[in-house]
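Bear in mind that the values in this text are calculations on the coordinates, not laboratory data. Just so you know, these numbers come straight off a predicted model, no measurement behind them. With ideal geometry, Cβ positions are generated from the backbone for all residues, glycine too; neighbour counts draw on all protein chains shown.
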Amino acid sequence: QVSVINTVDTSHEDMIHDAQMDYYGTRLATCSSDRSVKIFDVRNGGQILIADLRGHEGPVWQVAWAHPMYGNILASCSYDRKVIIWKEENGTWEKTYEYTGHDSSVNSVCWAPHDYGLILACGSSDGAISLLSYTGDGQWEVKKISNAHTIGCNAVSWAPAVVPGSLIEQPSGQKPNYIKRFASGGCDNLVKIWKEEDGQWKEEQKLEAHSDWVRDVAWAPSIGLPTSTIASCSQDGRVFIWTCDDASGNSWSPKLLHKFNDVVWHVSWSITANILAVSGGDNKVTLWKESVDGLWACISDVNKGQGGVSAITEGQQNEQ
Amino acid sequence: MKLKEIDRTAMQAWSPAQQHPIYLATGTSAQQLDATFSTSASLEIFELDLSDPSLDMKSCATFSSSCRYHKLIWGPHSMTSGETVSGVLIAGGENGNVILYDPAKIITGDTEVIIAQKDKHTGPVRALDVNMFQTNLVASGANESEIYIWDLNNFATPMTPGVKTQPLEDISCIAWNRQVQHILASASPSGRATVWDLRKNEPIIKVSDHNNRMHCSGLAWHPDVATQMVLASEDDRLPVIQMWDLRFASSPLRVLESHTRGILAIAWSMVDSELLLSCGKDAKILCSNPNTGEVLYELPTNTQWCFDIQWCPRNPAVLSAASFDGRISVYSIMGGSTDGLRQKQVDQLSSSFGNLDPFGMGQPLPPLQLPQQTGPQCIILPLKKPPKWIRRPVGASFSFGGKLVTFENSKSQQQPGIEQQQQRHHVYLSQVVTEEEFLARSNQLQEAVQSEGFVSYCQKKIDMAPADFEKNVWAFLKVHFEEDSRVKYLDLLGYRKDDLRKKRVKDHTQETEDLGSAKKTFNISVSGDVDGLITQALLTGNFESAVDLCLHDNRMADAIILAIAGGQELLSRTQEKYFAKMQSKITRLITAVVKKNWKEIVQSCDLQNWREALAAVLTYARPDEFAALCDRLGNRLESEGDSLLQTQACLCYICAGNVEKLVACWTKAQDGNSPLSLQDLIEKVVILRKAVQITQDVDPNAVGALLAEKMSQYASLLAAQGSIAAALTFLPVNTNQPNITLLRDRLCRAQGELPVGQEALKAPYERQPMPKGQAGPVVGQMQGPQAPAQQYYQQGDNPPPPGFIMPGAVNSNMPPQQATSSNYSMYSQAGTRPAYPQRPQNGWNDPPALNRAAKKKVPDNFLPPVPITSPIMNPLADPQSQIQQPPAPAAPLGAPSFQPLHLPAGQPVLQSGYPPASQPLGPCVVPPTVSKPSTEGAPGAPIGNAIQHVQALPTEKITKKPIPEEHLILKTTFEALIQRCLLSASDPQTKRKLDDANKRLEFLYDKLREQTLSPTIISGLHNIVKSIEMRNYQEGLNIHTHIVSTSNFSETSAFMPVLKVVLTQANKLGV
């Protein structure tokens, strides 16, 4: 079910912390403790280094591609408390903006749905979340949520752009009236949902279930259903799937996907939102799928080194 | 950054790592007196609630203790997981006592909180440590070189690690090794440290600095390296931390000299071995990397000394420090601002001063304006080195096309300095496939489409179908690809012509016998009874009266036979009366058959008889009304029927070839969004579309909204499974739904179809660049956050045909704004295209009356040529329309994008898989010679809403061959005659009759087209035409009678009576 089709030797000199493909799945951005961000062209199984971006003064934790309607734009965040926005101009990548408004490590960056414009959410160990909005002419407007998560925000993830009332499709021609939301997870063991009201970001929900740092949150892409789904993973080894069926977004209920034996670092939804990739729990990657009866089952266990995949047996699952 | 504060002079112990929520226990310190010089003692438990932004820590319980403490630890012994408080609090008291407390009982307020206590030691117990591997083992140290090992399961009798060291001295520190469970170290203020092996029950090594000035206040083992430990010195003359490796015990491995005065306490992070905390009499709290000696962090503190410092085991970024000014502070080493602290002070102020009107002046104090910029000193920077716990070692993220990007960093690499150079840092791209059956079936479908093996595909489906209904559906679909489809449909509905014939054979022979016996002489009675009256009427040629009489007498058969002799008009009137009179079960069917009123059947039959209704329609309905009738029946089934019948409506839609309705009906009947149920639908839809394209010659690209949605869903699914090429072939080609256009673009680019380099990088989206300092329109658009989105959708609402969405070469040279407009203009030019092929209709020489119909039909053959045509959707991509495309150079702006150069590389190849020769184009498609490129359709010509108009046309059967030229004269003459009659006819009834005749003669023309009429009839018709030309209508009527009498009734019944009406009228009107 899972087969390695390309192995990219990044030549990073230290740990890799994130690897993200662009919108089309043709370019790969990686970042590392060696303070660099690299971009590779990986079309047709190739691996051509396009750019080696230097500018951070500490380990780079995450990278995020903006939607291509805005051009080729990549955001990166680092332990050096900076967020850098890189842009390709005439075939070369350059720093286009540097945000230094955080007092501690910036752990997560996530671009808003392209429908809202060019907006970047950044979560930092200083507990704050910044929202950077491009206002044109090289200018960025900053909104900051102070003390969003005491002693640190580890992850931010935007909700898909959905217009209230018509969750499936909005009538064309009308000015869409989006409700902007995103989720964040932090060292206070909480997942929080933030909502923009009258231009101000307000805490809408506080989701409590984890007993240790929330390492990552991932809001599932919209597939036309009225249900919102968020996955969260934690230092405590647990992965929760949060769902909310009502349009007002007030009643979230958690379902435990699995309790791993080790830290779960990262969760990622497939584009069709039906598979969740869980990274961690002893440096493994597992794929999970919800069955018809609403139970989550591990469908495979990705062994990258070998290039092969072994389906998890019943026994192994029980062990976990 | 300071998180919390407790105003206590106390020893502190964090709850074990397993404990959630996190607690901090404090026990009144025996060494330091607080400001009140109170001698009372207490044990308290506080909860660390980080979601509470205030500096206060929530006190959970206080237990008044009889003694003060030198050391307090919280061991995980007998801990249960879960939210309950558990473990054991172990305290070292002033009088040589070791006390075990139950923290759960303290929190619940129980009075019996002591589990056990022993005062075996001499003097205060200053050192305590729990063995990490066997949490029931606790080591304690006190005066006189006393070290005991307590087993919490058997607390009564402690063990010793060996013979007491000499000379006897105080034990100030004790620590279990963190790698080897039977190794213990102890240290004393004299500076000597001893390492014990509990298996051997003796000290194995003694560590001692030669200058003897070490005054050990702290001892800690390396969390990862078994042979290394650090010793801290309290002596102001030697305020150092020594790092020892037992393998080289002659001198310290490293000496950290960051403190300027004696060090009072140290703590080594269990999570990151590069973080060692130390606090000293220089009032500093430092975090150093003992492996390098580098100071990573200096905590901002007040000027007070700290005598105890602890990492929080569960939250690795949190530490607590107890200071001599009677305060325990909880810090985060991750930096952050000190807003919280200041807020607390303000709160305290206002609470001390009462409400905002502290002086009772009737005037509240103005709210305190906190200085927003208090300078850099209020921002507390984090550690210089990122702590290990925030370094993500592994990750997996999905990307477009079901790809998974993964990376991992092997564990060994996380150890400092080991093989870092050799480490390869790989990222893996994997394809994730979860729907194997779905993909396999999709492949089968694509193969069938590519090889055009529809019949065998359908047959396979029939064979494999689990349910009867499914079998049926596929059988119906299969019929579409077979000859003589209507008969086969009947067959499927359970009606066979042959069967009926067989059934009837017997009766038939009987009848002939009867007829034979009737041939005898007969007499003609003219008596007064009914018989007589009829006879009289007959004799006088008064058929009408005769028929009336028969009807009156209920001689239906007679009446009808007579009416036939009396001519068409009489016959139809008689039929009317007959039907009015007869009320048998099948009358309505007969009525419909005779009157050809199938609508009636379809509309009013009992729905349970839908099969029969469909059979009737299949048998009788004319090609042009067939589809509509099937649709109507389907609609009724869907709207009026029960759930079972509703699904059967699908069959009607299949017969009708109505793809859109089939989709709607099927979607309603099927539940769920599972890939396989979508596959079920798409298989049928694709096959039906192929069928409809072959038989009905409709626009192969026309896709309704619902179908488009389903198809794009399907394409998305395929893409998610990595079948991007397949997804492209299924994606509807000419739809203006923005999401589909976007998906197509994404798919194309994901395939890497654009040339590498400049062009490829210019996305079609790139309307919103964010270059530095670019003024003008871009800025304006970016002003509101909504603006870009709007722009984006505008573009999507009127998208160019997909082929134009990536004319990279065109766009790349243009500023974004122009690029947009160029897309529009290209679109306009494409829109003009369908307009000009209408010309060839002039070549048909059709009489004006038919012209309108022809106009309607022709454009369907020439529907918008779409540059990118997928093999699925557009197998009939007319070679004509492509030939017709005007040469590009003449066209301005958008023309280059018509060149195949700009098509994705894969597309032309796919298309050439369908050589024009093999395409089942109807003969009436105008040959290329007729429709040479005409300037009329050149780009730039004014256009209306040509595309929309053409697309809006209903699909209908239009496969009509031209009438052979030698027989065209029949048509022209008859139509001309009817026109003449119409001109001179005065009463509306006649006009209606003539109009009707004009329409019905279409049957004749059809037969002429199909060349199915026998030569005798043809020559007879030509004779009639000659007589018409000579205006000798009587002669014409005679010829007519001759033809009717000599030819097969079934062959001529459709048009000869009509012709007679026309001739009769012409004769009457004398035109």
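How many residues, within region A:14-37, are part of a strand (DSSP E or B), small (Gly, Ala, Ser) and under 17 Å from the mean Cα position of the chain (by Cα)?
Our first condition is that a residue be part of a strand (DSSP E or B); within region A:14-37, this holds for A:16-21, A:27-32, A:36-37.
Right, trim to small (Gly, Ala, Ser) and you get A:19, A:29, A:32, A:36.
Retained after the next criterion (residues that are under 17 Å from the mean Cα position of the chain (by Cα)): A:19, A:29, A:32.
Summing the residues that are part of a strand (DSSP E or B), small (Gly, Ala, Ser) and under 17 Å from the mean Cα position of the chain (by Cα) in region A:14-37 gives 3.
Of all residues assigned to region B:84-94, at least one qualifies as being under 17 Å from B:SER15 (Cα atoms) and surrounded by fewer than 17 Cβ atoms within 10 Å (Cβ to Cβ). Restrict the check to region A:8-31 and report whether at least one residue is aliphatic (A, V, I, L, M), surrounded by 22 or more Cβ atoms within 10 Å (Cβ to Cβ), under 30 Å from A:ASN177 (Cβ atoms) and facing chain B (nearest Cβ under 8 Å). Taking every residue of region A:8-31 in turn, none turns out to be aliphatic (A, V, I, L, M), surrounded by 22 or more Cβ atoms within 10 Å (Cβ to Cβ), under 30 Å from A:ASN177 (Cβ atoms) and facing chain B (nearest Cβ under 8 Å). A Cβ distance below 6 Å, combined with a sequence gap of six or more or placement on separate chains, defines the contacts here; from region A:74-100, residues that are free of Cβ contacts under 8 Å to residues at least 24 places away in the same chain reach residues that are in a strand (DSSP E or B) in the pairs A:LYS87/A:ILE73; A:LYS87/A:THR96.
What do you reckon, is A:ASN250 more than 14 Å from chain B (Cβ to nearest Cβ) and surrounded by fewer than 24 Cβ atoms within 10 Å (Cβ to Cβ)? Spelling it out, A:ASN250 is indeed more than 14 Å from chain B (Cβ to nearest Cβ) and surrounded by fewer than 24 Cβ atoms within 10 Å (Cβ to Cβ). Residues of region B:445-467 that are at negative phi, more than 28 Å from the chain's Cα centre (by Cα), surrounded by fewer than 19 Cβ atoms within 10 Å (Cβ to Cβ) and not aliphatic (A, V, I, L, M): B:SER451, B:GLY453, B:SER456, B:GLN459, B:LYS460, B:ASP463, B:PRO466. Only one of the numbered conditions (1) over 29 Å from B:ILE204 (Cβ atoms); (2) assigned to a strand (DSSP E or B) is not met by B:ARG237, and that is (2). When region A:186-212 is filtered for residues that are of a type in the set (A, V, I, L, M, F, W, C), under 16 Å from the mean Cα position of the chain (by Cα) and within 13 Å of another protein chain (Cβ to nearest Cβ), only A:VAL191 remains.
The set of residues in region A:65-100 that are more than 26 Å from B:ILE390 (Cβ to Cβ), surrounded by 20 or more Cβ atoms within 10 Å (Cβ to Cβ) and polar (S, T, N, Q) comprises A:ASN72, A:THR96.
Within region A:95-127, restricting attention to residues that are in contact with a His (Cβ under 6 Å, 6 or more places away or on another chain) and farther than 16 Å from A:TRP201 by Cβ, which residue is nearest to the other protein chains (Cβ to nearest Cβ)? Top of the filtered list is A:ASP126.
The criterion of at least 3 residues that are within 11 Å of chain A (Cβ to nearest Cβ) is met by the following strands (runs of 3 or more DSSP E) wholly inside region B:291-336: B:327-332. Of all residues in region B:969-988, at least one satisfies being under 20 Å from B:SER572 (Cβ atoms) and surrounded by fewer than 17 Cβ atoms within 10 Å (Cβ to Cβ). Residues of region B:434-448 that are of a type outside the set (Phe, Trp, Tyr), assigned to a helix (DSSP H, G or I) and under 17 Å from B:LEU678 (Cβ atoms): B:GLU436, B:GLU437, B:LEU439, B:ALA440, B:ARG441, B:SER442, B:ASN443, B:GLN444, B:LEU445, B:GLN446. Among the conditions (1) touching a residue at least 60 places away in the same chain (Cβ under 8 Å); (2) assigned to a helix (DSSP H, G or I), B:PRO962 misses just one, which is (2).
Annotation: of all residues in region A:60-90 being facing another protein chain (nearest Cβ under 8 Å) and of a type in the set (Ser, Thr, Tyr), the one that is nearest to the chain's Cα centre (by Cα) is A:TYR79.
Quick check on region A:38-59. Is at least one of its residues within 17 Å of the chain's Cα centre (by Cα), surrounded by 21 or more Cβ atoms within 10 Å (Cβ to Cβ) and facing chain B (nearest Cβ under 8 Å)?
no
Restricting B:LEU637, B:LEU644, B:LEU618 to residues that are under 31 Å from the mean Cα position of the chain (by Cα) and assigned to a helix (DSSP H, G or I) narrows the list to B:LEU644. Give the residue, chosen from A:LYS289, A:LYS255, A:LYS284, that is farther than 24 Å from B:ASN315 by Cα, among the basic types (Lys, Arg) and either within 12 Å of another protein chain (Cβ to nearest Cβ) or crowded, with 24+ Cβ neighbours inside 10 Å (or both). Matching residue, one of A:LYS289, A:LYS255, A:LYS284: A:LYS289. Restricted to region A:128-147, and to residues there that are free of Cβ contacts under 8 Å to residues at least 12 places away in the same chain and of a type in the set (S, T, N, Q), the residue that is nearest to the other protein chains (Cβ to nearest Cβ) is A:THR135. With respect to the conditions (1) crowded, with 17+ Cβ neighbours inside 10 Å; (2) away from chain B (no Cβ under 14 Å), A:VAL239 falls short on a single one, namely (2).
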